[in-house]
Amino acid sequence: MFKKTLGVILILLLSFTSLLVAAETLKVRVKSSKLRQSPKFYAGSVASLEFGDALEKITAQGDWIQAKSKTGTTGWIHSSAVTVPQFSLTAGRTAQEETSADEVALAGKGFNQQVEEEYRKNSDLDYTWVDRMAQMRVTESEMERFFREGKLGEFGGQR
C-alpha cells in the first residue's frame, strides 16, 4: 500500500513539474509598460516593466494577459505590449545589450536614430512638439476620463 501511495505521489509531482515547465514565457516588447490590477488600461499599476522584462503567462482574457513578473508580482498587461520569444538574436548577448529600448521601438516602425538625425538635418520641421510629446505622461484617472467621455471600450464603444 505504501509503495502504491508513493507511486501516485511521484506521478502527481511529475505532472505538476511538467505544468510548471510548460508555462509560457513572454517578453515586454515596448519601451515601458505596467502590470495592472485588472484588465483595463486605466486600472491601477502594481508593477513597472521595461523592454525585455520576462513574464510568465497565467491566463488570458480577450486582449489582456494575466502574468507574473520575475519578482512574483501578478497583474494584467495588454497583449500588444508583449511577445513570445521565438529565437535568440545572438549567442551570449541579449538584444537589450546590443541596442537601446528606444532603438528597438523605433526600428519596429522603420525609424532609428540615424533616420531621425537625417530628418532633423534635412528639413525645416520643428521637432519641439515631437520632443515634448515623448515626455508626456497620462495618469490612469486621465485615461479613464478619456474613455468615459468618449464612450469607448466598456463605457459604450465597440472593443
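Listed values, structure above:
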{"quantity": "Pick from the stretch 38-60, criterion of a type in the set (F, W, Y) and closer than 22 Å to V84 by Cβ, ranking: modelled with the highest pLDDT", "calculated": "F41"}
{"quantity": "Checking A101 against (1) under 30 Å from G44 (Cβ atoms); (2) at pLDDT 70 or above, the condition it does not meet", "calculated": "(2)"}
{"quantity": "Every residue from the stretch 56-72 that is surrounded by 14 or more Cβ atoms within 10 Å (Cβ to Cβ) and either assigned to a loop (DSSP other than H, G, I, E, B) or of a type in the set (F, W, Y) (or both)", "calculated": "W64"}
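The values are calculated or read from the model by the stated rules, or taken from the named source; none is laboratory data. Values in this document were obtained by computation on a predicted structure and should not be read as measured data. No Cβ is skipped: glycine too gets one built from the backbone with ideal geometry, and neighbour counts run over all protein chains shown.
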